[in-house]
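Take a look at the structure below.
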Amino acid sequence: MSTPTRPVPPPRVGARPPAFRTEATRLLSAGVYFDTAFRSRVIEELVEHEERPVAPSLGIDALPVLAHALRARRLEAGTGAWLVLIWVLFIAFWVTGAGSDSLLHIPWCVAYAVLCVMAWARRTATGVGLAVFTLDRAMIKEATHGRLKLLLPVLTPFVGLLYAGAVVTVLLSGHNAWAGALFPFLLAVPVWVHRGRVTAVMCAELGRAAYPHAPRAALGDSPQWRRIGAAIDREQYSPLTIYDPFRPFIGAGKPYEPWSLAMELKSVESGKAGAPADGARLTGREVIDLIKPRMTALRDSAAASRDRLRSLEIDEFVYLPAGLRRNEVEYAASTVDEHLMAAAGEGGEARRHFLRIRVGAWEEQIVVSILVRVHTQGGMLVLEVVPHVLTPVRAEFRAVDVIVARGQSDPVRRALRSLLASPAAGLAAGGSLVRTGVTVFRTWLADPQNAYPDGPATSVRELGSAREVSLFQEMDISRYVKTVQDRIASGVREALRQKGYATGEFEQQIVNVSGGGVYIGAMSGGAVATGERASAKHTEGGA
């Protein structure tokens, strides 16, 4: 998109450094080892759909999360390969009759396979997940309902005891049952190694004490990973964002009471529509330049306290519609600044300029972004305020701290955990191996680098977010939004006053619309009702 040459804009206020040290990034990086669905979505969005630019990263760094997701997938696929090999060898011994006598040829692999399927179903039904390294059930919300929730936790251990009892009975009867006794321990070895590797990653890189000093996780040295990593670094903090018109504001979270107003600009001298006597018209850039100092003053006033407003960030950025290929979008500073200057107050449908005020609270668990758009074309002032909220990272990802606290526990305890987890973990690892193979082949076949250009469909931060916030967090969100909106209103009012425009109508509208009400300039007869399930009725000539 070509734009006329504009003056160099003033320095952007509050530009964010890379956020790979934040608590949210740490928890998301750990979560990919516990949640296969989350891991798969991260890889799908950033690798399988390489044609999509990365969404804005608010309070996180997407690259190390992707790097850990790819590492977790490799670890699980490797574990799955070893387990498949053990299964193949064991079935081969059973088919050939090795390790059993002719009097009691028990199909131990079939019996143990039933136990594995039941253990896997129990894990799935109780919401533990399908990763090889599972979370403790006490750390997650139960996900089952009805009879399945009551039956599987009891039936699966019972079947395991039956299997062990059968092995012991056969051995005591003098028959050969070494295959049935040895097989569970052989399957537990790859699971034990996998759990040890994941624990080492948690302790050395993702623990609270180690994380601030650990290097930033990297994708790899292949041309594909270098290309994807460079694109993520180029895009995730850029003031220029590519978007799909049907998926706006990806990465900002959930909308939080957006509102807008439109009013005719009237001269304070004549009280009529039009420019003041001196002919100076109000521009969107002037309004923005009066809002930004008020945001800076708000941040400075909170600097001496522990209020999160002291770290309030102020950015200008511009949305561009998808159309160009990802590697054809120009992110050079001069091009981005040109877009920022040209798009401010433009009022167009495709390219859209926003002022973003961001507050990262609760260790970046709550991210409040207030997006402000102003344009003054056609003798009208249009103000759009669109608050968004990113909810906390899912609580179960905090299992990383439990794993680090346990650390390298005594060998007997670690071996027993691996043995008990191996029935379900074996199927999970095998499934991970199959999914990895399918995903890699599908990505190679689709060649997403050359796919049709598209905008981001989701963000890493949104994928790992919880659905709800606590009451305290809701109170803080409301306070941040209302405080910032008050400063926005004062900036717009001052811009109108300085240019000689009447502010009375604006003050009336801002009180009503920003509070969720409805402003009506003039009304004769009729009826109005606002709010949920409200109703109104007007009867001519009646009471």
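Do we have Leu219 as modelled with pLDDT of 90 or more and among the aliphatic types (A, V, I, L, M) here?
Working: modelled with pLDDT of 90 or more: yes; among the aliphatic types (A, V, I, L, M): yes.
For Leu219, the condition - modelled with pLDDT of 90 or more and among the aliphatic types (A, V, I, L, M) - is met.
Restricting the search to the range 417-454, which residues are touching an Asp or Glu at 6+ places or on another chain (Cβ under 8 Å) and of a type in the set (Val, Ile, Thr)?
Residues satisfying the conditions are Thr436, Thr439, Thr443.
Could you tell me which residue of the range 257-285 is modelled with the lowest pLDDT, considering only residues that are in contact with a strand residue (DSSP E or B) (Cβ under 9 Å, 6 or more places away or on another chain) and acidic (Asp, Glu)?
Of everything passing the filter in the range 257-285, Glu264 is modelled with the lowest pLDDT.
Testing Arg299 on (1) touching a strand residue (DSSP E or B) at 6+ places or on another chain (Cβ under 9 Å); (2) outside any helix (DSSP H, G or I); (3) modelled with pLDDT under 90, one condition comes back false. Which one is that?
Unmet for Arg299, out of (1) touching a strand residue (DSSP E or B) at 6+ places or on another chain (Cβ under 9 Å); (2) outside any helix (DSSP H, G or I); (3) modelled with pLDDT under 90: (2).
Residues in the range 327-360 that are under 21 Å from the mean Cα position of the chain (by Cα) and more than 18 Å from Val287 (Cβ to Cβ): how many?
Total meeting the criteria: 3.
Given the conditions (1) out of contact with any Lys or Arg (no Cβ under 9 Å at 6 or more places or on another chain); (2) touching a residue at least 12 places away in the same chain (Cβ under 8 Å), report the number of the one that Val382 does not fulfil.
Going through the list (1) out of contact with any Lys or Arg (no Cβ under 9 Å at 6 or more places or on another chain); (2) touching a residue at least 12 places away in the same chain (Cβ under 8 Å), Val382 breaks only (1).
Please specify each residue of the range 438-470 satisfying the condition of being touching a residue at least 12 places away in the same chain (Cβ under 8 Å) and either part of a helix (DSSP H, G or I) or farther than 28 Å from Tyr319 by Cβ (or both).
Answer for the range 438-470, where residues must be touching a residue at least 12 places away in the same chain (Cβ under 8 Å) and either part of a helix (DSSP H, G or I) or farther than 28 Å from Tyr319 by Cβ (or both): Thr439, Arg442, Thr443, Ala446, Pro448, Gln449, Asn450, Val460, Arg461, Glu462, Leu463, Glu468.
Which one of these is within 18 Å of the chain's Cα centre (by Cα) and outside the structural domain of Glu50 (by TED's automatic domain parsing): Gly464, Gly504, Gly500, Gly491?
Result of the check over Gly464, Gly504, Gly500, Gly491: Gly464.
Is it the case that some residue within the range 512-534 is surrounded by 15 or more Cβ atoms within 10 Å (Cβ to Cβ), in a helix (DSSP H, G or I), modelled with pLDDT of 50 or more and not aromatic (Phe, Trp, Tyr)?
Taking every residue of the range 512-534 in turn, at least one turns out to be surrounded by 15 or more Cβ atoms within 10 Å (Cβ to Cβ), in a helix (DSSP H, G or I), modelled with pLDDT of 50 or more and not aromatic (Phe, Trp, Tyr).
Residue-wise test of (1) touching a residue at least 24 places away in the same chain (Cβ under 8 Å); (2) over 30 Å from Glu328 (Cβ atoms).
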site	(1), (2)
Val191	yes, yes
Met202	yes, yes
Leu206	yes, yes
His213	no, yes
Leu219	yes, no
Pro223	no, no
Gly229	yes, no
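Hey, can you tell me all the residues within the range 393-429 that are under 30 Å from Val367 (Cα atoms) and among the small types (Gly, Ala, Ser)?
Ala395, Ala399, Ala405
Restricting to the range 421-436, what's the tally of residues that are surrounded by fewer than 16 Cβ atoms within 10 Å (Cβ to Cβ) and at pLDDT below 80?
Step one: list which residues in the range 421-436 are surrounded by fewer than 16 Cβ atoms within 10 Å (Cβ to Cβ), which gives 434.
Applying the additional criterion that residues be at pLDDT below 80 yields none.
Total satisfying the criteria: 0.
Looking at (1) surrounded by 14 or more Cβ atoms within 10 Å (Cβ to Cβ); (2) modelled with pLDDT under 90; (3) farther than 29 Å from Trp82 by Cβ; (4) not aromatic (Phe, Trp, Tyr), which is the one condition that is false for Ala457?
(2)
The values are calculated or read from the model by the stated rules, or taken from the named source; none is laboratory data. In this text, all values refer to a predicted model and were calculated from it rather than measured experimentally. Every residue, glycine among them, receives a Cβ derived from its backbone with ideal geometry; neighbour counts consider all protein chains shown.
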